[in-house]
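Engineer: Right, I'll just put the structure down here and ask away after.
What follows draws every value from the coordinates through simple rules; no lab data is involved. Computed from a predicted structure; not experimentally measured. Positions of Cβ are generated from backbone atoms using ideal geometry, with glycine treated the same way; all protein chains shown enter the neighbour counts.
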Amino acid sequence: MIDVYAADEQHDRPVELERWADLARAALTDEGVRGLAEVSLIFTDEVSMAGLNAQFMGREGPTDVLSFPIDDEPEPTGRVPDAGGTGPGEPPLPEIPTLVGDIVICPTVAARNAVEHGVTEEAEIALLVVHGVLHLLGWDHEVDEEAEAMEARERELLARHFRPTAP
């Protein structure tokens, strides 16, 4: 089961949290994420996004989307004395969810980009959700070949899972 925890931490633009969490979950599933997994999807304002962009990317001003993959930490090997068990024969521990990472989207920047790209605001948000998911899973667009592959995968996922609302 993939849990997408969505939060709206801004008041500038309305956001359909459940809709975008569902889209993120569908993209994660199509990308092969299985078992227990968690992703945070956070919508934030321009000031907060500018701070994150400066702190983590070294870039000035707000951006539309940032992804923060959580690096896999190795599982402990051997017996772990502090795990709280009594020893051999005890029931197995419950499955621990894989923490995939966090996606942060700024709807205000997305709205400006939508105008620039000639698309609806919801189409731009959908693209950013899928783009963020792909970044969490290791996709990149630093070189042309990678960018083309990533954009093609974004189009596939959007065609499969994004349905615009009626005007």
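Engineer: What residue, of Gly51, Gly35, is over 12 Å from the mean Cα position of the chain (by Cα), farther than 17 Å from Leu127 by Cβ and part of a helix (DSSP H, G or I)?
Structural biologist: Working: Gly35 fails: part of a helix (DSSP H, G or I).
Answer to the selection: Gly51.
Engineer: Within the stretch 33-60, track down each residue that is in contact (Cβ under 8 Å) with a residue 60 or more places away in the chain and of a type outside the set (D, E, K, R).
Structural biologist: Within the stretch 33-60, Val33, Gly35, Leu36, Ala37, Val39, Ser40, Leu41, Ile42, Phe43, Thr44, Met49 qualify.
Engineer: Here's a follow-up. Say we look at the stretch 95-137 and pick out the residues that are among the β-branched types (Val, Ile, Thr), part of a helix (DSSP H, G or I) and under 25 Å from Glu31 (Cα atoms); which of these is farthest from the chain's Cα centre (by Cα)? It would help to see each step written out before you state the result.
Structural biologist: Residues of the stretch 95-137 that are among the β-branched types (Val, Ile, Thr), as a first pass: 96, 98, 100, 103-105, 108-109, 115, 119-120, 125, 129-130, 133.
With part of a helix (DSSP H, G or I) added as a condition, the list becomes 108-109, 115, 125, 129-130, 133.
Next, only the ones that are under 25 Å from Glu31 (Cα atoms) stay: 125, 129-130, 133.
Numbers: Ile125: 12, Val129: 6, Val130: 7, Val133: 4 Å.
Looking at the filtered set, the residue picked out is Ile125.
Engineer: Report, ordered by the first and then the second residue, all pairs with beta carbons closer than 8 Å, sequence separation of six or more or different chains, a first member in the stretch 93-115 that is free of Cβ contacts under 8 Å to residues at least 12 places away in the same chain, and a second member that is assigned to a helix (DSSP H, G or I).
Structural biologist: Listed by first residue and then by second, the contacts come to Leu93/Ala83; Ala114/Glu121; Ala114/Ala123; Ala114/Glu124.
Engineer: So which pairs qualify, if the first residue must be in the stretch 142-167 and exposed (fewer than 13 other Cβ atoms within 10 Å of the Cβ), the second must be in a helix (DSSP H, G or I) and not polar (S, T, N, Q), the Cβ gap must be under 8 Å, and the two must be at least 6 apart or on different chains?
Structural biologist: From the stretch 142-167, the pairs are Arg160/Ala26; Arg160/Asp30; Pro164/Glu122; Pro164/Ala123; Thr165/Glu122.
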